[in-house]
1. Counting only residues that are surrounded by 14 or more Cβ atoms within 10 Å (Cβ to Cβ), more than 22 Å from residue 13 (Cα to Cα), at pLDDT 90 or above and under 18 Å from the mean Cα position of the chain (by Cα), how many does the range 90-118 have?
2. Return yes when residue 65 is surrounded by 14 or more Cβ atoms within 10 Å (Cβ to Cβ), in contact (Cβ under 8 Å) with a residue 24 or more places away in the chain and either closer than 25 Å to residue 1 by Cβ or in contact with a strand residue (DSSP E or B) (Cβ under 7 Å, 6 or more places away or on another chain) (or both) and no when it is not.
3. Among the residues of the range 68-89, count how many are over 16 Å from the mean Cα position of the chain (by Cα), in a helix (DSSP H, G or I) and at pLDDT 95 or above.
4. Of the conditions (1) surrounded by 14 or more Cβ atoms within 10 Å (Cβ to Cβ); (2) touching a residue at least 12 places away in the same chain (Cβ under 8 Å); (3) under 20 Å from residue 130 (Cβ atoms), residue 84 fails just one. Which one is it?
5. Of everything in the range 14-44, what is surrounded by 13 or more Cβ atoms within 10 Å (Cβ to Cβ) and not in a helix (DSSP H, G or I)? Give them in sequence order.
6. So residue 129 clears everything in (1) more than 20 Å from residue 4 (Cβ to Cβ); (2) under 13 Å from the mean Cα position of the chain (by Cα) except one condition, right? Which one?
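The values are calculated or read from the model by the stated rules, or taken from the named source; none is laboratory data. Quick caveat: nothing in here was measured; it's all calculated off a predicted structure. No Cβ is skipped: glycine too gets one built from the backbone with ideal geometry, and neighbour counts run over all protein chains shown.
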């Protein structure tokens, strides 16, 4: 069973961003599955690095969309992104420093962050973007290449 199940509750109604969010959910589920195994430090470090890189890319992607469409909430949304990135980076650095309590703190943090941020802040952004793009053909979505 997945740690986080994708559902329509997590959909913000803007396909381009929903696809990003599905990937984030998959990454968190991979971390969850890895933490349950023995001798996983190197694998977990790799998964966390990928998650941090993808999250950074995803946040810039959302911010680019908000900027293009003139979302007035962009400054607040961007600050929330910066705060979340800082918290995640601090947990990652603690783990690299040998803090074995991080995996136990990490999963609840990621689950809460994904749920609260998507259902709260991102839903509002999705509604705004949908209103702004109604009746237009969406450009080709930007895809993550593994580089942030």
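1. 3
2. Spelling it out, it is not the case that residue 65 is surrounded by 14 or more Cβ atoms within 10 Å (Cβ to Cβ), in contact (Cβ under 8 Å) with a residue 24 or more places away in the chain and either closer than 25 Å to residue 1 by Cβ or in contact with a strand residue (DSSP E or B) (Cβ under 7 Å, 6 or more places away or on another chain) (or both).
3. Of the range 68-89, the ones over 16 Å from the mean Cα position of the chain (by Cα) are 68-76.
Narrowing the set further to residues that are in a helix (DSSP H, G or I) leaves 68-69, 74-76.
Now narrow it down to the ones that are at pLDDT 95 or above: 74-76.
Here the count works out to 3.
4. Residue 84 satisfies all of (1) surrounded by 14 or more Cβ atoms within 10 Å (Cβ to Cβ); (2) touching a residue at least 12 places away in the same chain (Cβ under 8 Å); (3) under 20 Å from residue 130 (Cβ atoms) except (3).
5. Of everything in the range 14-44, those that are surrounded by 13 or more Cβ atoms within 10 Å (Cβ to Cβ) and not in a helix (DSSP H, G or I) turn out to be 14, 40.
6. In the conditions (1) more than 20 Å from residue 4 (Cβ to Cβ); (2) under 13 Å from the mean Cα position of the chain (by Cα), residue 129 misses (2) alone.
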